Amino acid sequence: MKSENTIVDFENSLGPWLGKTIKIVDYHLQEAMSENGIDLSKEQMIILKKLHDQDGLHQNDLAFLTLRDKSTLTRLLSKMEKKKYILRKQCKEDKRANNVYLTNLGKEIFIKTRPVIQQILDTMQQNISKKEKNQMIDTLKKIQFNFNSKVESI
């Protein structure tokens, strides 16, 4: 395959549009958090959400659920521990592993993020019909499936 002869139509492909949209959403989410006095990154917010749904998750399970490698997650959890949003306790079954728990402050911060997140979602979905939103969700699911099925076949 000769790569120099390959023509890629970036303007009419999904990749660049998805990437740019993600960057815009991330930027506005971070701005909204700052404006509301919430010291939390998007990645930390995801951890709080997962722990809110299932407190006491095993650190390895949390890495899997958040699509993070173990060392990246460890650094992220260390930052959150310093902020007193979470605490890690040694797993009783495996002394080498930790379970991760929300602290009271972590719970408060998570609750404080809800109206901010809703504001971002409202802005994002403005002028988009329910039908268009459902079509977008279906399309994104197909993209994720395409990549997941490719990984499974390796």
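The values are calculated or read from the model by the stated rules, or taken from the named source; none is laboratory data. Not measured: the values here are computed from a predicted model. We place every Cβ from the backbone using ideal geometry, glycine too, and count neighbours over all the protein chains shown.
Taken over the stretch 20-44, the residue count meeting the criterion of being in contact (Cβ under 8 Å) with a residue 40 or more places away in the chain and of a type in the set (Asp, Glu) is 1.
Taking the stretch 1-17, which residues are surrounded by 12 or more Cβ atoms within 10 Å (Cβ to Cβ) and either assigned to a loop (DSSP other than H, G, I, E, B) or touching a helix residue (DSSP H, G or I) at 6+ places or on another chain (Cβ under 8 Å) (or both)? Write out each step before concluding.
Residues of the stretch 1-17 surrounded by 12 or more Cβ atoms within 10 Å (Cβ to Cβ): 16-17.
Matches in the stretch 1-17: 16 only.
Show the residue pairs meeting these rules: Cβ distance below 8 Å; 6+ apart or different chains; first residue within the stretch 107-122 and hydroxyl-bearing (Ser, Thr, Tyr); second residue part of a helix (DSSP H, G or I) and surrounded by 12 or more Cβ atoms within 10 Å (Cβ to Cβ). That search, which allows pairs on different chains as well, returns 113/33; 113/45; 113/48. Exactly one residue out of 95, 131, 141 is without any contact (Cβ under 8 Å) to a residue 60 or more places away in the chain, of a type in the set (D, E, K, R) and over 29 Å from residue 21 (Cβ atoms), and it is 95.
Let's see how each residue does on (1) among the charged types (D, E, K, R); (2) more than 30 Å from residue 15 (Cβ to Cβ); (3) at pLDDT 95 or above:
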{"site": "52", "(1), (2), (3)": "no, yes, yes"}
{"site": "66", "(1), (2), (3)": "no, no, no"}
{"site": "90", "(1), (2), (3)": "no, yes, no"}
{"site": "118", "(1), (2), (3)": "no, no, yes"}
{"site": "132", "(1), (2), (3)": "yes, no, yes"}
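For (1) at pLDDT 95 or above; (2) within 28 Å of residue 118 (Cβ to Cβ), each residue gets a yes or a no:
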{"residue": "11", "(1), (2)": "no, no"}
{"residue": "59", "(1), (2)": "no, no"}
{"residue": "73", "(1), (2)": "no, yes"}
{"residue": "77", "(1), (2)": "yes, yes"}
